[in-house]
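The structure appears below as structure tokens.
The values are calculated or read from the model by the stated rules, or taken from the named source; none is laboratory data. Computed from a prediction, not measured in an experiment: that's the story for all the values here. Heads up, the Cβs are rebuilt from the backbone with ideal geometry, glycines too, and the neighbour counts pull from every protein chain shown. Each accessible area value is taken on the protein alone, full model and side chains, heavy atoms only, with ligands, DNA and RNA left out. Shrake-Rupley method; radii C 1.70, N 1.55, O 1.52, S 1.80 Å.
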2 protein chains.
Amino acid sequence: MASIQIKTPSAEYTVTLGSGLLRTLRQRIQRALGGGTLPRVFFITSQEIWAKWSDRATESFDGATVLFVPPGERFKRLPTVERLLEELARAGADRDSVIIAFGGGVIGDMAGFIAAIYMRGIRCVQVPTTLLAQVDSSVGGKTGANLAAGKNLVGSFHHPIAVISDVDVLSTLPKQELRAGLQESVKSGIIRDARLFAYLEKNAKAVLRGDTKALAYVVERSVRVKADVVNQDERESGLRMILNFGHTIGHAIEAATNYKQLLHGEAIGWGMIAAVRLAQARGAIAEKDAQRIVKLAHVYGPLPRFTATAEKLVRLSASDKKNRGGARRFILPTGIGTVEIVKDVTEEELLAACEQMLGEVKRARR
Amino acid sequence: MASIQIKTPSAEYTVTLGSGLLRTLRQRIQRALGGGTLPRVFFITSQEIWAKWSDRATESFDGATVLFVPPGERFKRLPTVERLLEELARAGADRDSVIIAFGGGVIGDMAGFIAAIYMRGIRCVQVPTTLLAQVDSSVGGKTGANLAAGKNLVGSFHHPIAVISDVDVLSTLPKQELRAGLQESVKSGIIRDARLFAYLEKNAKAVLRGDTKALAYVVERSVRVKADVVNQDERESGLRMILNFGHTIGHAIEAATNYKQLLHGEAIGWGMIAAVRLAQARGAIAEKDAQRIVKLAHVYGPLPRFTATAEKLVRLSASDKKNRGGARRFILPTGIGTVEIVKDVTEEELLAACEQMLGEVKRARR
């Protein structure tokens, strides 16, 4: 079991990672609350997760209210948020109540956002059930929902009081989702942890097989990268931007394919490859390192094919909400474990990098 | 012109009060932003306010995007919020953009909430156009919207970067709204400012006539009370609760009459009278002071009649979101300028106070 501390100007809490944590969920939440009588808790989860894991998750609870969210990104919208808020109110949730976000990234983001805005903010515990949510979205306080105009355009910074990641639940995760989630770990290695990167290279088989020990190591190292970055820059005014490595083009790919063809992690995989191509064209990264990155993204693939023009991807990346006042920021890989935030990337460079990546997409197996 | 500082752990900004402020809105916003090029600004307002005051408000702007909200509490809901968020996104608002909340309490709350959650928070300037909004809702960072299950059950703490209150706009405010808004100033006097209370007694005619100088004084003193309280307790963990004097029963009256029969301030007027009756029954307040309070609430009336049972009011007040873990907090007036937060008010006491107040409601003129 590993404990990782998040300590920012606005919050302090522990991310607990390990096996068998679900069975003692109540005790862990109670400890995060500082003891005393447990207030009312409200699980927000999906029917699917609940069918698989409710026995274990409620083993330590005498009874908890459960609110269900339909699965999928397309329900991560304000009408769903409003329905859940009304259900909370009708069920008698008050300012002392605690929300348990029990699911993947969509549920974590939305339940966290609901906790952020119900009665102007109540407490939330993140209990992520996908690799993506465990290594990324459950940590750092970003919550939100989508608008028709774009993903995650509405939201709040609202940290949980605890993150409890039981690696056992990853055993029921579809293999494609596991692989896609691992792209975020590949990203963590590239931006800040050469040892994690090397581990992902050397132990790919064990990791992809879902070996609990290997996964636990990868999750822990990935969360440490995120925690370390968030602890230094909670609000993404500087350093935290490096977590968006691969995401500028990745988000554009998701938008271009209407969020239907690729999983988030798969789009990020291609986005990282495009970023590497851009860095190579600039001579910002050694050839050897560039090749290792591209190779590893494919090892945790297969990254699926999709259709889009470079022009469209560049146009869509320009409307990314990370852009401020017209300035385009880009996270450039400069080696294994190091990136750089640059502001002088031209449209031509982006176009060329996307063209090159799209050429590789055409040759992809899937 | 008066400047009042808000300084809390999460924000620092100035409330500017005076005549003729609208004409120099851009310059004032620019100053609040710390100079430099003005980012894109988006007015959120009503057709009615815009028809009356857009000439003056945009005198200093070269061009600003305007988003309209239909008037009334019943549109203070998440579907309206979502529509405005989509419009902001389509109009190209980014993280540097600034929202100007130009209207009364409903618009201020909702536009402030939109600023709180668009791209996880952008900057907002409050330009309140009703007395209620100037003396109360524009200051202190509370933003939000209603659920079907209750008023203001969804929201955020999100302070503006400036509050600019031009008393000139009060000249077009319907008299009934002016009087209702003044109940919040009566409240400010009762809870913390005996001089304001005495001024409201002595200068009732000038204030009710809408005399600019008298109103400016009342607005300034009221805002100082609020600023002083918020500066000491931003998140309503203690002292800030005194701002809810009259609101426990007031909110119950609004709910019992479906938010249709009484203006907010009118319901608060009756709520304050009920609180005084409760204090009298306990012997917590001198008879003379109790009579002065009840008299002043009526002077800034007439407080309208309504129909409700004491039982219903007590039941509705129990579901107020200020209640936590079942404990009922009540703000008890103990004199002119002093109140006390008590936790031992029984249901019987509340019932008796409501009965007495309802007896007075029956004898009301309107």
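Considering (1) open to solvent by less than 20 Å² (accessible area, probe 1.4 Å); (2) modelled with pLDDT of 95 or more; (3) in contact with a strand residue (DSSP E or B) (Cβ under 8 Å, 6 or more places away or on another chain), the lone condition that B:H158 does not fulfil carries the number (1). May I ask you to verify whether B:T248 is open to solvent by 20 Å² or more (accessible area, probe 1.4 Å), over 14 Å from the mean Cα position of the chain (by Cα), closer than 22 Å to B:A267 by Cβ and of a type in the set (S, T, Y)? Criteria met by B:T248. Taking segment A:170-210 only, how many residues are among the hydrophobic types (A, V, I, L, M, F, W, C), over 18 Å from A:L263 (Cα atoms) and surrounded by fewer than 21 Cβ atoms within 10 Å (Cβ to Cβ)? Counting residues in segment A:170-210 that are among the hydrophobic types (A, V, I, L, M, F, W, C), over 18 Å from A:L263 (Cα atoms) and surrounded by fewer than 21 Cβ atoms within 10 Å (Cβ to Cβ) gives 4. In the set (1) within 14 Å of chain A (Cβ to nearest Cβ); (2) over 24 Å from B:A148 (Cβ atoms); (3) of a type outside the set (S, T, Y), B:A318 fails one condition alone, (2). Would you check which residues across segment B:15-41 are among the hydrophobic types (A, V, I, L, M, F, W, C) and outside any strand (DSSP E or B) and list them? Residues satisfying the conditions are B:L21, B:L22, B:L25, B:I29, B:A32, B:L33, B:L38. Taking segment B:32-60, which residues are touching a strand residue (DSSP E or B) at 6+ places or on another chain (Cβ under 7 Å) and either aromatic (F, W, Y) or open to solvent by less than 20 Å² (accessible area, probe 1.4 Å) (or both)? Correct list: B:V41, B:F42, B:F43, B:I44, B:T45, B:S46, B:W50, B:A57. Among the residues of segment A:61-69, is there at least one that is within 23 Å of B:T80 (Cα to Cα) and within 14 Å of chain B (Cβ to nearest Cβ)? Within segment A:61-69, none of the residues are within 23 Å of B:T80 (Cα to Cα) and within 14 Å of chain B (Cβ to nearest Cβ). Filtering A:Y259, A:Y300 for residues that are within 30 Å of B:V98 (Cα to Cα), in contact (Cβ under 8 Å) with a residue 40 or more places away in the chain and either of a type in the set (D, E, K, R) or away from chain B (no Cβ under 14 Å) (or both) leaves a single hit, A:Y259. Among the residues of segment A:11-26, none qualifies, meaning not one is touching a Pro at 6+ places or on another chain (Cβ under 7 Å) and surrounded by fewer than 17 Cβ atoms within 10 Å (Cβ to Cβ).
Among the criteria (1) under 25 Å from A:P304 (Cα atoms); (2) surrounded by 16 or more Cβ atoms within 10 Å (Cβ to Cβ), the one A:N258 does not fulfil is (2). For segment A:110-131, filtering for residues that are open to solvent by less than 10 Å² (accessible area, probe 1.4 Å) and more than 14 Å from chain B (Cβ to nearest Cβ) leaves 7. Exactly one residue among B:A227, B:A206, B:A198, B:A145 is at pLDDT 95 or above and within 23 Å of B:A32 (Cβ to Cβ), and that residue is B:A227.
Yes/no per residue for (1) closer than 22 Å to B:R224 by Cβ; (2) at the interface with chain A (Cβ under 8 Å from one of its Cβ atoms):
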{"site": "B:F102", "(1), (2)": "no, no"}
{"site": "B:G105", "(1), (2)": "yes, no"}
{"site": "B:G108", "(1), (2)": "yes, no"}
{"site": "B:L153", "(1), (2)": "no, yes"}
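Output the residue which, of all residues in segment B:132-144 that are away from chain A (no Cβ under 14 Å) and either of a type in the set (S, T, Y) or in contact with an Asp or Glu (Cβ under 7 Å, 6 or more places away or on another chain) (or both), is surrounded by the fewest Cβ atoms within 10 Å (Cβ to Cβ). Selected residue: B:L132.
The number of residues in segment B:63-81 being part of a helix (DSSP H, G or I) and open to solvent by 30 Å² or more (accessible area, probe 1.4 Å) comes to 4. Please tell me if B:E12 is of a type outside the set (V, I, T) and over 18 Å from the mean Cα position of the chain (by Cα). Answer is yes for this residue.
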